[in-house]
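Below is one structure, written out as structure tokens; the observations come after it.
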Amino acid sequence: MSRNNNVSQGIDWLVVWLYALLLAIGVLCIFMAEYKTGIDWLGSFLSGKTSYSKQVIFAGVCFIAASFILLADSKLFTAFANLLYAFGIVLMLATFVIGKNINGSKSWIPLGGGFNLQPAELCKIFTALALAKYLSRQETDFSKVKSQVIGGIIALAPAALSILQNETGLALVYFSFFIVMYREGLPPGLLIVGISFGVLVVATLVVEPNVLAIILTVIAVLTIYFLRKQIKKQKSILTIIVAVWFVCVGVQRFAVPYIFNNVFQCYQSTRIYSMVGKDYDCELNRHKGKRPDKPVKKPDDYNVRQSKIAIGSGGLLGKGFLKGTQTRGKYVPAQPTDFIFTSWGEAFGFIGCVSFLAVYLFLLFRIVKIAERQRSTFSRVYAYSVASILFFHITVNVCMTIGLFPIIGIPLPLISYGGSSLLTFTVLIFILIRLDADRQMVLR
């Protein structure tokens with residue numbers, strides 16, 4: 001099929017307008033977070049030195065990038081998917097050599113003029129393209145274990161590098177690709193095992209070790225009792241139950257404490273424990289002396305506490321534009337970036353937050369609808385990748401600001417300040433729009 005001569009033909013303009021709306025809200029939120037009474041905000045904006053003026057510059061760059069994407073041929077994305085993925089991995093490796101250390105994370109490449117590039121952000125795009133390319137191959141049978149393992153490696157290789165860069169938050173984002181793989185045939189049992197492991201870890205943090213061991217033992221005994229007839233016919237069931245019990249007890253007694261005390265940094269363990277209302281003893285952590293200049297427990301508690309105060313003080317209808325006392329008093333740390341949601345919540349209250357999240361929800365539903373109308377496996381997998389990445393970022397960031405998730409430095413899509421983040425989400429969304437415009441083509 002020949003490509004449309006009219007570049008606007010077939011474009012889902014609803015997604016474009018939702019993107020533009022969120023971009024405008026983001027600049028507004030950053031402006032509220034940085035505004036100071038008595039300053040010449042127009043002059044400071046034109047100076048290009050404030051975060052909100054820089055965000056507008058980033059938006060201009062993103063507009064240019066989006067225009068190029070819409071003018072491109074959809075076949076380019078399939079042709080260069082693997083090459084771009086390899087380029088992304090090389091960029092992430094390059095940070096270990098030429099990277100700039102920001103907030104304890106050596107994951108940035110300085111570009112000059114005060115601008116920095118974070119390859120781990122861009123690599124999300126390349127991973128989505130590479131995974132879509134792999135799953136759309138005629139020879140790929142995703143019902144086979146080999147194909148599932150290769151798909152997992154494609155998704156998790158950048159995550160491993162992110163962990164080495166001390167970017168745990170961004171590493172977790174790559175697990176969102178498993179939602180895509182589940183849609184394409186990944187056995188639900190693997191997801192159940194993963195969720196169960198997460199529940200076990202949380203239970204290990206909340207419940208006293210001996211009590212949890214007794215609870216797990218009681219669950220195993222009850223399972224054996226209710227399945228006693230099946231066990232008489234098939235002895236292997238008893239072996240499986242005992243093995244699962246043994247693994248669960250081993251995880252809660254040995255594996256989880258070892259990870260928190262020897263693998264995680266003290267500040268990481270503290271953040272996770274604070275999420276469940278527990279205090280972590282840094283004396284147990286072998287990394288306790290590595291960041292003496294940054295006491296973590298108090299600042300982390302302070303961040304979440306001030307975030308909750310800011311959002312809660314907004315009440316039902318909010319305090320109004322530029323009237324938030326927490327925001328104007330600069331009480332919320334990292335407000336233009338990780339905690340940008342608090343500026344909106346304080347200004348416009350519960351109703352504003354619900355309306356704001358409804359825009360996100362509408363965008364996600366629209367992307368899923370776009371995914372399901374694709375003829376090409378490549379386009380469908382890519383669309384679900386975009387939806388999964390957005391969903392993960394939105395959920396984790398909002399839960400982080402209200403204390404339901406540890407602070408891991410994940411930006412709110414199109415809202416948080418940052419050029420790398422904004423460019424990543426722009427490219428992600430507009431590649432989807434371009435692929436959808438050519439949805440009658442079967443891409444591989």
Taking interchain pairs and intrachain pairs at least six residues apart, which have beta carbon atoms under 6 angstrom, with the first residue in region 387-413 and without any contact (Cβ under 8 Å) to a residue 12 or more places away in the chain and the second outside any helix (DSSP H, G or I)?
CYS399/PHE405
Which residue pairs have Cβ atoms closer than 7 Å, lie 6 or more positions apart in sequence or on different chains, and pair a first residue in region 253-271 that is in contact (Cβ under 8 Å) with a residue 12 or more places away in the chain with a second residue that is among the polar types (S, T, N, Q) and in a loop (DSSP other than H, G, I, E, B)?
ASN261/ASN285; CYS266/ASN285; SER269/ASN285
Is it true that ARG271 is at pLDDT below 90, surrounded by 13 or more Cβ atoms within 10 Å (Cβ to Cβ), closer than 20 Å to LEU164 by Cβ and basic (Lys, Arg)?
yes
Checking the structure you have, find out if any residue of region 216-224 is of a type outside the set (Val, Ile, Thr) and either outside any helix (DSSP H, G or I) or over 33 Å from the mean Cα position of the chain (by Cα) (or both).
yes
Taking region 143-155 and the residues there that are buried (at least 18 other Cβ atoms within 10 Å of the Cβ) and among the hydrophobic types (A, V, I, L, M, F, W, C), the one that is farthest from LYS124 (Cα to Cα) would be ILE154
Which pairs do you get when a residue that is without any contact (Cβ under 8 Å) to a residue 24 or more places away in the chain, found in region 9-32, comes within reach of a residue that is of a type outside the set (A, V, I, L, M), reach meaning Cβ atoms under 7 angstrom, with the pair 6+ apart or on two chains?
PHE31/TYR52
Limited to region 164-186, what total is found for residues that are part of a helix (DSSP H, G or I), among the small types (Gly, Ala, Ser) and surrounded by fewer than 20 Cβ atoms within 10 Å (Cβ to Cβ)?
0
Can LEU191 be described as in a helix (DSSP H, G or I), within 20 Å of the chain's Cα centre (by Cα) and within 23 Å of ALA255 (Cβ to Cβ)?
yes
Give region 118-135 a look and list any residue that's under 14 Å from the mean Cα position of the chain (by Cα) and hydrophobic (A, V, I, L, M, F, W, C), or say none.
ALA120, LEU122, CYS123, ILE125, ALA128
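The values are calculated or read from the model by the stated rules, or taken from the named source; none is laboratory data. Note that the structure is a prediction, hence the values are computed from the model and not measured. Here Cβ is always computed from backbone atoms with ideal geometry, including for glycine, and neighbour counts include all displayed protein chains.
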